[in-house]
Amino acid sequence: MRCHLPGRGTGRLLKILLYNPDNGVTQNFMPHLWMFLLQSLTPAGNEVLLIDGNTHPMTDPELVRYALDQKIGLVGIGAMTRMIAKAYRVADALRAAGVPVVMGGPHVTECPGEALGRDGGPRHADAIALGEADETWPRIVADAARGELKEVYTPVDAFGQEKKPTLQDYPVIPWDKLDIDQFNRIPSFFRRVMQHYGHAWETFHIIPIESGRGCPYGCEFCTVTGFFGDSIRFRTNKSIVDEMLLLKERARVSKGKIAIFFVDDNFAINGKRTKSLLRDIIAAGAQTSWVGQISANLLRDEELLDLIAESGGKWIFIGMESLDPANLASVNKSFNKPSEYAAVLQKLAMRNVYCITSFIFGLDNDTTGVGERTLAAMREWPPVLPVFGQITPFPATPLYDRLAKEGRLTRPKHWLEFAPFRMAHTPLKISVEDVQNEVNYAWTNSYSPAATQRALDSIADEPVPYKISHFVARIFFRGIYFPPKGAWQWLKLIARNRASVYRLLRESITQWHGANGAARHSDFHAGPRYKPVNAPSAAKAEPAA
Ligand code: B12
Ligand code: SF4
């Protein structure tokens with residue numbers, strides 16, 4: 001992805017490249033917000049180019065050549081822990097060619113010495129930005145323009161106290177002008193088909209918006225409380241609503257669709273504020289399909305659920321982590337109550353809102369069979385899009401410190417030798433290999449053609465459009481973690497799910513001929529008639545296709 005935007009104001013021109021490395025495993029389904037945010041916060045007179053390695057893969061020499069050809073005066077690289085090894089490699093190549101590099105984001109904040117070579121390893125960055133860089137970024141740009149980059153930029157006030165942005169003066173991100181074509185989720189062959197029939201599905205973008213920052217819950221494995229702090233800060237409702245209206249307009253003009261991902265870690269952490277925001281979205285007509293992350297304990301409030309549905313909420317990401325209360329207690333997440341998961345999911349399903357449920361295997365009380373036990377519970381729920389991973393000790397988390405004290409870290413710098421789904425510490429009641437097998441089993445069986453048919457069975461009485469949207473969501477969602485490469489693999493995936501495809505086609509044709517338009521419309525909005533389906537458990541894992 002390459003976007004060109006002139007900066008604001010005057011001053012010596014600096015050409016800046018913001019680069020986000022790919023992790024080589026998951027496929028990025030949406031742009032990274034930090035790039036667009038820093039671009040919008042760049043003082044005028046500077047030019048900012050963006051490259052996201054997920055959508056625009058480049059070899060190190062290609063990237064260096066690009067930076068030299070474009071006469072880039074500063075490269076900013078941001079990375080989560082799992083992409084940091086790639087980030088360092090790219091930074092090394094750029095610095096070797098004489099291009100200054102500043103690094104920021106969660107990992108360098110958590111391991112500042114590593115990027116600067118102060119921990120005995122090689123140096124990878126000329127400068128690092130610790131924590132939230134909204135206020136330090138303009139200083140970094142000004143210093144780089146004068147050739148006076150400092151090594152460390154820390155967000156502090158005049159008294160040296162840590163200072164968090166209030167978000168009250170959040171910048172306008174000019175989504176209407178940005179080139180985000182490479183994040184179009186519609187495969188090009190399907191786009192051509194839709195264009196042929198003149199449909200407004202030429203583009204589909206998932207756009208990240210943050211409405212606030214911070215989560216006070218302090219789950220043991222999570223970096224968020226440490227990074228953003230437990231003081232929660234919100235943007236004004238107006239700035240969020242305006243951003244949504246801008247995006248809606250962009251979708252209208254480009255004959256496409258846009259969905260929003262509210263990237264707040266816990267979108268309903270302050271229920272009163274969330275409800276007021278959702279009411280304002282509805283009042284302004286800014287409703288757009290959205291996804292948000294909310295912990296299960298905050299979804300007991302029926303008024304909140306009504307507003308979620310009315311404002312366009314379609315999928316809620318819930319960090320369920322485990323069905324075992326002992327596991328949850330071991331990671332300081334006892335506010336999650338597995339006994340209420342099913343009820344929460346059902347209340348949402350009754351409002352046509354479904355959930356992405358995230359699970360972590362390898363927790364201290366996990367034993368073999370955890371994958372199938374989790375899948376068995378899910379078969380009793382409304383259809384969900386599950387995500388599975390292994391417990392990972394991220395640096396600077398309480399989990400990392402505990403495991404280090406207990407002498408259980410087997411790969412203390414696991415990020416320098418990233419291995420997908422491989423644990424970096426010794427679990428207590430299961431082996432590292434078995435955890436990997438459980439994760440693989442769970443992924444494979446929850447997105448198998450049989451599981452997809454079962455999900456459609458559980459909403460059998462619903463109007464066809466709901467079933468189609470579930471089917472499409474399942475196919476695409478699985479593709480984030482196991483991306484089909486090219487049209488041929490997509491076709492193979494669809495062929496494997498041919499029973500569901502035939503069924504949806506058959507039902508579409510029958511319903512189309514069997515009801516008039518008004519009836520079909522009211523049917524679609526009448527609410528789902530979801531019913532749980534008990535199906536025999538999958539006997540053995542199918543290979544991940
Ligand atoms: C959205 C999101 C995702 C998206 C993908 C990313 C995307 N396209 O946006 C999805 C859902 C796919 C995802 C997946 C994962 N995520 Co995630 N994700 C987030 C989330 C919720 C929001 C990110 C965001 O946009 N924040 C808002 C922006 C503005 O903040 P920011 O990125 O931190 O940027 C600020 C500063 O860091 C700094 N900065 C950042 N980069 C740079 C670069 C420079 C040069 C400078 C100067 C400054 C700077 O300036 C910015 C403004 O202040 C964060 C949590 C969070 N609240 O940040 C977790 C988070 C980043 N994810 C995390 C994790 C662990 C994962 C997964 C590994 C989970 C899993 N087990 O599968 C996967 C891996 C994804 C991958 N690509 O491999 C961790 C990362 C921890 C770490 N140390 O690496 C976080 C922090 C959440 C957590 N629970 O701890 N994630
Ligand atoms: S609730 Fe979510 S964001 Fe908050 S500390 Fe726990 S895992 Fe992190």
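Computed values, structure above
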{"read-out": "³J(HN,Hα), Karplus 6.51/-1.76/1.60, whole Hz, each residue of the range 138-155, x for Gly, Pro", "value": "x, 5, 4, 5, 5, 5, 5, 5, 8, x, 10, 4, 8, 7, 10, 10, 10, x"}
{"read-out": "Cross-link table Lys275/Lys333; Lys413/Lys492; Lys71/Lys163; Lys333/Lys405; Lys333/Lys429, entries beyond 29 Å C-alpha to C-alpha", "value": "Lys413/Lys492; Lys71/Lys163"}
{"read-out": "Beta bridges by DSSP in the range 2-153, antiparallel share as percent, to the nearest 5", "value": "15 percent"}
{"read-out": "Debye log10 I(q)/I(0) at q = 0.11, 0.22 Å⁻¹ for the range 194-275, Cα point scatterers", "value": "-0.42, -0.99"}
{"read-out": "Taking all pairs of distinct alpha-carbon atoms in the chain, Kirkwood radius in angstrom", "value": "24.9 Å"}
{"read-out": "Förster-model FRET efficiency, 25 Å R0, Glu303 and Asp179, C-beta, rounded to 0.05", "value": "0.05"}
{"read-out": "Mean shadow area of the range 431-475, taken as a quarter of the surface of its Cα convex hull (nm²)", "value": "3.4 nm²"}
{"read-out": "Label zone at Ala377, where the point sits 7 Å out along the Cα-to-Cβ direction: the range 424-446 residues whose backbone N lies under 15 Å", "value": "442"}
{"read-out": "Degrees separating the helix 84-96 axis from the principal Cα axis of the chain, which is the longest one", "value": "30 degrees"}
{"read-out": "Shape category assigned to the range 88-154 from the gyration tensor of Cα positions, a/c cut at 1.5", "value": "oblate"}
{"read-out": "Percent breakdown of C-alpha pair distances by 10 Å bin, ordered from the shortest bin, for the range 317-442", "value": "13, 42, 32, 12, 2"}
{"read-out": "For Asp22, distant residues with modelled amide H under 5 Å away", "value": "Gly53, Asn54"}
{"read-out": "Phi-based couplings in Hz for the range 224-241 (Karplus 6.51, -1.76, 1.60; Gly and Pro marked x)", "value": "5, 4, x, 7, 8, x, 8, 8, 8, 10, 10, 6, 6, 4, 4, 5, 6, 4"}
{"read-out": "Gained length - Lys429 relative to Arg252, 0.36 nm times residue gap less alpha-carbon distance", "value": "58.3 nm"}
{"read-out": "Computed label-point distance, nm, for sites Lys485 and Val172 using a 7 Å Cα→Cβ extension", "value": "4.4 nm"}
{"read-out": "Greater than 18 Å apart at Cα, pairs in Lys272/Lys337; Lys248/Lys314; Lys177/Lys248; Lys86/Lys150", "value": "Lys272/Lys337; Lys86/Lys150"}
{"read-out": "The chain, helix-only ellipticity at 222 nm - DSSP H runs n ≥ 4, -39,500 (n - 2.57), divided by all residues, nearest 500", "value": "-11500 deg cm²/dmol"}
{"read-out": "Å³ per residue enclosed by the Cα convex hull of the range 2-153", "value": "98 Å³"}
{"read-out": "Packing-based order for 51-64, 370-383, using average beta carbon neighbours within 10 Å, highest first", "value": "370-383, 51-64"}
{"read-out": "5 angstrom amide H check on Val263, placed H, neighbours 5+ away", "value": "Ile209, Glu210, Ser211"}
{"read-out": "Range in the chain, longest, excluding exposed chymotrypsin sites (Phe, Trp or Tyr not before Pro) [loop by DSSP; at most 10 other beta-carbon atoms within 10 Å]", "value": "198-545"}
{"read-out": "Those aspartates and glutamates that a straight Cα-Cα span of less than 12 Å connects to Lys164, excepting residues fewer than 8 apart in one chain", "value": "Glu132, Asp134, Glu135, Asp230"}
{"read-out": "Calculated from backbone phi, Karplus (6.51, -1.76, 1.60) coupling profile of the range 482-488 in Hz, x at Gly/Pro", "value": "10, x, x, 9, x, 4, 4"}
{"read-out": "Antiparallel %, DSSP beta bridges [both residues in the chain], to 5", "value": "15 percent"}
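Every number here is computed from the coordinates shown, using simple stated rules; none is lab data. Everything numeric here is computed off the predicted structure, so don't read it as measured data. Ideal geometry is used to build each Cβ from the backbone, glycine not excepted, and the neighbour counts take in all protein chains shown.
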